[in-house]
Amino acid sequence: MKILGIDTSTVACSVSLLNNEQLISKFELQPRKQAQLILPLIDQILKESSLKLSELDAIAVTVGPGSFVGLRIGISIAQGLAFAYSLPVIPVSTLATMAQGAYRQYQAKCTIVALDAHMEEIYLGVYEIKHHLAIAIQPDQLCLPSKVRIQNAPWFVVGDAWNVYHTDLLSSINPQQMVADFYPHAQDLLTLAKEAYLANNMLAVENLQPNYLRGTEAWRT
């Protein structure tokens, strides 16, 4: 099983490659530089693994919600490579990827992911770990931070919205632990993508679409 994972859905940028049992990852936190970084990172990781793009079985990519520009970069790269080498694609939620990362790094089994969506709204994901995988308790959503209502649990919370809308979010949620400066990582994307690959939950590249959770006409230029 050889899967390339790409994430540019936030201010971070990462690439991971699963080559059977070997996993190689690269991560950069350089806002607004994803377009310059992503292809060199892919080239570097392929060289380190001595693999060619033509030897891949699939390409996985975070499809949102997240940064409009960042999502377009990652999805465009995934589409271009998949078209060129006739590969299937595996779309994965940005918020699920972050919940999976919280489990990997902090053993968090109940995670609320909240990203600043601007316009005084947030992207909200609520996840629990089952069989070592992040599973959505409810669909990812766009909402007002003041309207979040979630049943009490030992929540681990991540994402920049916890800094931006701290007062509103904490009025209804009492987290056990908070890591606001937390970003998706392609390593965790591949954990979820591997299960999708084994279950044959893949798409033809022409069916790959971003999940903005907001109409594109609402985005500020």
Looking at ILE112, ILE129, can you tell me which residue is in contact with a Phe, Trp or Tyr (Cβ under 6 Å, 6 or more places away or on another chain) and surrounded by 20 or more Cβ atoms within 10 Å (Cβ to Cβ)?
ILE112
Please go through the stretch 12-37 and give me each residue that is among the aliphatic types (A, V, I, L, M), within 16 Å of the chain's Cα centre (by Cα) and within 20 Å of THR191 (Cβ to Cβ), ordered by number.
ALA12, VAL15, LEU17
Find the helices (runs of 4 or more DSSP H) located wholly in the stretch 134-221 whose residues include 2 or more that are buried (at least 18 other Cβ atoms within 10 Å of the Cβ), and list them.
161-164, 186-198
Please determine whether any residue of the stretch 35-49 is crowded, with 18+ Cβ neighbours inside 10 Å, touching a residue at least 60 places away in the same chain (Cβ under 8 Å) and among the aliphatic types (A, V, I, L, M).
no
Among the residues of the stretch 56-78, is any in contact with a Leu (Cβ under 9 Å, 6 or more places away or on another chain), without any contact (Cβ under 8 Å) to a residue 12 or more places away in the chain, surrounded by fewer than 17 Cβ atoms within 10 Å (Cβ to Cβ) and in the same structural domain as ALA199 (by TED's automatic domain parsing)?
no
Options LEU142, LEU189, LEU203; residue that is at pLDDT 95 or above and not assigned by TED's automatic domain parsing to the domain that holds LEU71
LEU142
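The values are calculated or read from the model by the stated rules, or taken from the named source; none is laboratory data. This is a predicted model, so every value here is computed, not measured. In this analysis, Cβ positions are derived from the backbone assuming ideal geometry, glycine residues included, and neighbour counts consider all displayed protein chains.
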